[in-house]
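Asker: Supplied in structure tokens, the structure appears directly below.
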């Protein structure tokens with residue numbers, strides 16, 4: 001698995017589509033689709049929004065993430081960095097931010113590579 005992280009609108013998906021020549025049909029979008037309903041895709045984008053929806057549904061996030069990583073060992077996983085900046089006032093937003101951070105740590109540990117995209121430029125972390 002390859003993990004791609006970076007801030008909002010930093011060109012993560014464009015970078016991946018260009019680097020690996022990925023068609024739109026091979027991308028699962030976490031803001032509108034459940035990752036478990038699109039197995040075998042090459043790219044899973046917007047992990048942070050997928051996790052937010054699952055938290056609202058009171059899903060067991062660590063178990064869900066563990067299963068996803070087990071089922072998709074060769075995918076490209078894309079996530080916005082949401083842990084930087086001002087700490088949210090609402091408990092639910094702080095819990096969301098923490099959960100995404102913990103799931104990124106889990107993914108990074110298992111990832112073959114981790115890249116951070118800034119202004120469309122890749123920085124290899126792992």
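The values are calculated or read from the model by the stated rules, or taken from the named source; none is laboratory data. This is a predicted model, so every value here is computed, not measured. Every residue, glycine among them, receives a Cβ derived from its backbone with ideal geometry; neighbour counts consider all protein chains shown.
Asker: I'd like to check something: does the stretch 48-57 contain any residue that is crowded, with 18+ Cβ neighbours inside 10 Å, under 16 Å from residue 2 (Cβ atoms) and modelled with pLDDT of 95 or more?
Answerer: Scanning the stretch 48-57, I find no residue that is crowded, with 18+ Cβ neighbours inside 10 Å, under 16 Å from residue 2 (Cβ atoms) and modelled with pLDDT of 95 or more, so the answer is no.
Asker: Here's something else I'd like to know. If I filter the stretch 83-93 for residues that are crowded, with 18+ Cβ neighbours inside 10 Å and under 14 Å from the mean Cα position of the chain (by Cα), do I get at least one hit? Steps first, please.
Answerer: Taking the stretch 83-93 as the starting set, the residues that turn out to be crowded, with 18+ Cβ neighbours inside 10 Å are none.
No.
Asker: Among the residues in the stretch 11-25, are any touching a residue at least 60 places away in the same chain (Cβ under 8 Å) and assigned to a loop (DSSP other than H, G, I, E, B)?
Answerer: yes
Asker: For the stretch 74-88, what are the residues that are at pLDDT 95 or above and touching a helix residue (DSSP H, G or I) at 6+ places or on another chain (Cβ under 8 Å)?
Answerer: Residues satisfying the conditions are 76, 77, 78, 79, 80.
Asker: From (1) over 16 Å from the mean Cα position of the chain (by Cα); (2) within 16 Å of residue 79 (Cα to Cα), pick out the condition that doesn't hold for residue 24.
Answerer: (2)
Asker: Just for the stretch 37-60: of the residues that are over 14 Å from the mean Cα position of the chain (by Cα) and assigned to a helix (DSSP H, G or I), which one is farthest from residue 82 (Cα to Cα)?
Answerer: Among residues in the stretch 37-60 that are over 14 Å from the mean Cα position of the chain (by Cα) and assigned to a helix (DSSP H, G or I), the one farthest from residue 82 (Cα to Cα) is 37.
Asker: Let me confirm something: among 100, 114, which residue is within 20 Å of residue 57 (Cβ to Cβ), touching a residue at least 24 places away in the same chain (Cβ under 8 Å) and surrounded by 14 or more Cβ atoms within 10 Å (Cβ to Cβ)? Show your work before the answer.
Answerer: Numbers: 114 fails: within 20 Å of residue 57 (Cβ to Cβ).
Matching residue, one of 100, 114: 100.
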